[in-house]
1. Give me P(r) over region B:91-193, computed from all C-alpha to C-alpha distances, binned every 5 Å, as integer percentages.
2. In region A:209-316, which GluC sites (Glu not before Pro) fall in coil by DSSP and have 11 or fewer other Cβ atoms within 10 Å?
3. Which positions within region B:58-85 get 50 Å² or more of their accessible surface covered by the other protein chains, compared to the chain by itself, with a 1.4 angstrom probe?
4. Taking a probe of 1.4 angstrom, what is the accessible area of A:R191 in Å², to the nearest 10?
5. If you find the alpha carbon centre of region B:204-248 and of region B:141-178, how far apart are they in angstrom?
6. Which whole-Hz couplings ³J(HN,Hα) result when phi for each residue of region B:36-53 is put into the Karplus expression 6.51 cos²θ - 1.76 cosθ + 1.60, θ = phi - 60°, listed in order with x for Gly and Pro?
7. Please list the three semi-axes, largest first and in whole Å, of the ellipsoid equivalent to chain A, using sqrt of 5 times the eigenvalues of its alpha carbon gyration tensor.
8. Let me confirm the definition first: pairs of Lys residues in the protein assembly as shown, 8 or more apart or on different chains, C-alpha distance under 27 Å. How many are there?
Number of protein chains: 2
Amino acid sequence: MKLDSDHLEILAVIVEKGGLTEGAEALGKSQPSVSRTIAFLQDRVGMPLFEPGRRPLRPTELGQSLARIGAQIRSLNQEASQLLTRYRAGHAGRLRIGGTPIFMDGVISTMVADFQAHEPDVQIDQSYGYLDELLTQLRNGALDLAIAPLSPSMTPKDMEFTPVLAGRNVVACRASHPLIRRGAITMDDIRPYQWISPPENSPLYLDLQLALRSIGQENFRVNFSGGSLASILSVLVGSDSLTVLPYSVVFMSRKTMGIDALPVKIEHPARRLGIIRPKDRSGPPSAAQFASFLTSELARLQARMDHEQQVTRRRG
Amino acid sequence: MKLDSDHLEILAVIVEKGGLTEGAEALGKSQPSVSRTIAFLQDRVGMPLFEPGRRPLRPTELGQSLARIGAQIRSLNQEASQLLTRYRAGHAGRLRIGGTPIFMDGVISTMVADFQAHEPDVQIDQSYGYLDELLTQLRNGALDLAIAPLSPSMTPKDMEFTPVLAGRNVVACRASHPLIRRGAITMDDIRPYQWISPPENSPLYLDLQLALRSIGQENFRVNFSGGSLASILSVLVGSDSLTVLPYSVVFMSRKTMGIDALPVKIEHPARRLGIIRPKDRSGPPSAAQFASFLTSELARLQARMDHEQQVTRRRG
DNA sequence: AATGTAATATAGCTTCAAGTTATGAAACTC
DNA sequence: GAGTTTCATAACTTGAAGCTATATTACATT
């Protein structure tokens, strides 16, 4: 004996509103329509759902019980509609993001926290990877959105790249480092110090090599390598070691961690940090939501960094 | 954006079963049917519920979420079906019974307890009343079933009366009463004792008067009146007072309370205790269930009473 | 008791989702 | 790349759901 859920919902409304006429109005249907629906349901049930021969239609006990269930079904149905509405507007759903480790830890995680303050019902699954892996995952649907450094001209045809930050790298050290507050820094000044190195398979490692070559230091001593950002910063703060990091990462944690960038110009590849999304698949609406949030937040961050740099340049 | 609950249920089954074909089978529908239903739902939703271009059909996150709600709706729907089935078989629902106070308290309440051991989901609302009130309530639907003494020939045309017990009244006293275990009892033996009287508006009060007149005692002293059965029995057990009660009531509580019936024949009206139900309205199925339970239980009680009486008669 | 009013039921019709079978298309397997 | 499985589409029938118009019935009122 399968009952129609719609019928139970209609029954619930009628019982709640206390009559066919009012119930029909609340449902946005005509009175005869719901009358016949109830007659139909009553037929199927085989017993009266309303006391017979009563004009302000009063439910029987069975009618009441079924109406109670109908009301629950109704509320679940509404929950579904609401979920859908929120999902479509990007206010609900799961969002899978991925990016290069250092940048995710150093910059994006803060933005994620801000985003979730606005959108508590968007669940974010974060994962790490380098460009090729990220692209693969974007293509096979394992990822909705990636954040990575990429040279705009190298963007794959099936991807859309939105640059959000300059990709400038800097030499970072602790704020109390002897080289800080020196006017100009020469290669000889830097040579004595040891280096913290990112994992050897990471793009940042190549950046480090490139950077050091650009200031004429081919050989360098590494005293720590392979750690993620938290470890790198810990070692950086606890020693006079140097390392190469995106300026945005240094900028974000310079106050809280007590680190700074040396006023040395190093070379870096023509890459920009940005958001990568598949062109064909639109992904969940929350992806667009998050992307636009990131874009505007990172634009503000870029502005703050630009401002700081001007001030520093004037002072120095 | 109102979604069809049926669609959500179908979605839930498909997601659970892991495919259209299996889902359709589980639903007892053809595969094209559910396919089109899903297509329809997907249209309404406006976003994919399943990953496009995947053959063992895999739901998207939105599809999963909606399916979860659909599963809940489905289980509620099944709950409704089950409720209906149980209700129709008389295994669920509320049952409103009414009857004369002494008999309800003394006999029926025990039966109710037994009944509820078998049918825990039948909620019984008990109320008290005398014949006229009971009939009124049966007629206006405030009561599903009444239990009262009634002379079968006086049964109203719109009611069905099922006699279940002889209406014999007896003179009751405590088991330790001086008159118990005397061979024959005369009017003079009884005369000195005081009487416990039921409420003056009760039929049992008339029975008491009739009974005493029948043994030649016109004037009688009343030392307690108006109480319900529990009080009457308390006073009875705590004193040498006498009273008139249906034999069935005495029989039920003779062991536990320590009361007994005097071996005196008293007159009583030609009434039988029975179940009264309206002829037209069938009432809830649990009424029939309860009525048949009562009938058989009280038949057994009658047999036990008959047996006891034979034994007593042989002995006496 | 008659009558007026409000509420529900019925009639007759149209529309469209849901069901069917038959068949086409696509993705996975090996 | 051939075969198998799985899903989608086509073409059609059926019946529930919706509507308007109207009849019926219970309650209220005098």
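1. Pairs per bin, as whole percents: 2, 10, 17, 17, 14, 11, 10, 8, 6, 4, 1.
2. Passing both the DSSP loop test and the Cβ count: A:E218.
3. Those residues are B:E61, B:L62, B:I69, B:L76, B:N77, B:A80, B:L83, B:L84.
4. Around 110 Å² of this residue is reachable by solvent.
5. If we compute the Cα centre of each part, the gap is 17 Å.
6. 5, 4, 5, 4, 4, 4, 4, 4, 4, 5, x, 9, x, 9, 10, 4, x, x
7. 65, 18, 16
8. The number of close lysine pairs in the protein assembly as shown is 15.
The values are calculated or read from the model by the stated rules, or taken from the named source; none is laboratory data. The shown structure was predicted, so the numbers you read here are calculated from the model rather than taken from an experiment. Neighbour counts run over all protein chains shown; Cβ positions are idealised from the backbone, glycine included. The protein model used for the area step is the full one, side chains on, heavy atoms only, and it has no ligands, DNA or RNA in it. Shrake-Rupley method; radii C 1.70, N 1.55, O 1.52, S 1.80 Å.
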